[in-house]
Amino acid sequence: RTDMTSADQDPVAGFAAEAHSGWFCRALGPLRARDDGSLDALRALVAAPVTPQAIRDLWRARCLPAAASDGPEATLRRFRNLVMMAIMERDLRGLAPLPEVCAANTALAQTCIEHALHLAAREFADAGRTLLDDEGKPQDVLVVAMGKLGGGELNASSDVDLVYVMRDQGASLQAAERITRRMTQLLAQPTGDGFVFRVDTRLRPYGDSGPPVTTLGMLEQYFYEQG
């Protein structure tokens, strides 16, 4: 890598990533155009290690209030872009060691997945629907992370390998599939703000030939017998 200039070292003067990444420059333009404190938030993230707690705090402070006005798709994508830009900038400046980069990418994905699932489930509940298990009791859709996300080693180009799980199928399998399709759309569908993460569900039991949402019992049996 080349030596950084004084401007590269000063987040107020400029960003080192502008000289290295077209994506960073394209993402920086809307931040500068929006008068919502996004640029200040980016500079604050760059100034200190991007920890999982810092990522969660950023979501609570900036994105939860914005979700109602901007919509969930835009909110998730702008949050992802902001954190990814901070990780890139710190990496290029030599401020972030590899464990920080992997931990930050992983925490970013976990936060986005958690809130995409929450948003999809809330939309389902707002329509007056409830997921029920075999005994007629309410149950949730769970998400199991596989691959690099499951191992805490996510990098900037990784997709997320997810398995969607319920306690049991009950009478809610099709309803659960609708929730997971909405969640996948919130994460993976490209918009004007880009996408959050590409989602790969082929590591579920029996891959593409298996059900989109599995049960805990089926997942356990699959790992012991096939996985």
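Tell me yes or no: at least one residue of region 199-208 is touching a residue at least 60 places away in the same chain (Cβ under 8 Å) and of a type in the set (D, E, K, R).
Within region 199-208 (the criterion being touching a residue at least 60 places away in the same chain (Cβ under 8 Å) and of a type in the set (D, E, K, R)), the answer is no, since none of the residues qualifies.
In a loop (DSSP other than H, G, I, E, B), open to solvent by less than 40 Å² (accessible area, probe 1.4 Å) and within 30 Å of L92 (Cα to Cα): is that true of G152 in this structure?
Spelling it out, G152 is indeed in a loop (DSSP other than H, G, I, E, B), open to solvent by less than 40 Å² (accessible area, probe 1.4 Å) and within 30 Å of L92 (Cα to Cα).
Taking region 120-143 on its own, how many of its residues are out of contact with any helix residue (DSSP H, G or I) (no Cβ under 7 Å at 6 or more places or on another chain) and open to solvent by less than 50 Å² (accessible area, probe 1.4 Å)?
3
Looking at (1) open to solvent by 30 Å² or more (accessible area, probe 1.4 Å); (2) at pLDDT below 95; (3) farther than 30 Å from R182 by Cα, which is the only condition R78 fails?
(3)
Any idea which of (1) over 13 Å from the mean Cα position of the chain (by Cα); (2) under 30 Å from E89 (Cβ atoms); (3) without any contact (Cβ under 8 Å) to a residue 12 or more places away in the chain is the one D193 doesn't satisfy?
Result: D193 passes all but (3).
Scan region 165-178 for residues that are hydrophobic (A, V, I, L, M, F, W, C) and surrounded by fewer than 15 Cβ atoms within 10 Å (Cβ to Cβ) and report the count.
Result for region 165-178: 1.
In region 6-55, how many are more than 24 Å from T111 (Cα to Cα), part of a loop (DSSP other than H, G, I, E, B), of a type outside the set (S, T, N, Q) and at pLDDT 90 or above?
So the count comes out to 2.
Return the total of residues in region 156-179 being of a type outside the set (V, I, T) and closer than 19 Å to R198 by Cβ.
7
Could you please find all residues in region 182-206 being among the aromatic types (F, W, Y) and open to solvent by 30 Å² or more (accessible area, probe 1.4 Å)?
Result: F195, Y206.
Residues being modelled with pLDDT under 90 and farther than 13 Å from S38 by Cα: count how many of those fall in region 56-71.
8
Residue-by-condition table, conditions (1) open to solvent by less than 80 Å² (accessible area, probe 1.4 Å); (2) more than 20 Å from E114 (Cβ to Cβ); (3) in a loop (DSSP other than H, G, I, E, B); (4) out of contact with any Leu (no Cβ under 7 Å at 6 or more places or on another chain):
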| residue | (1), (2), (3), (4) |
| --- | --- |
| V163 | yes, no, no, no |
| T180 | yes, no, no, yes |
| D208 | no, yes, no, yes |
| G217 | yes, yes, no, yes |
| F223 | no, yes, no, yes |
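The values are calculated or read from the model by the stated rules, or taken from the named source; none is laboratory data. Nothing here was measured: the structure is a model prediction, and the numbers come from that model. Note that each Cβ is placed from the backbone with ideal geometry, even for glycine, and that neighbours are counted across all protein chains shown. To get the accessible areas, we keep the full protein, side chains included, count just its heavy atoms, and leave off ligands, DNA and RNA. Shrake-Rupley method; radii C 1.70, N 1.55, O 1.52, S 1.80 Å.
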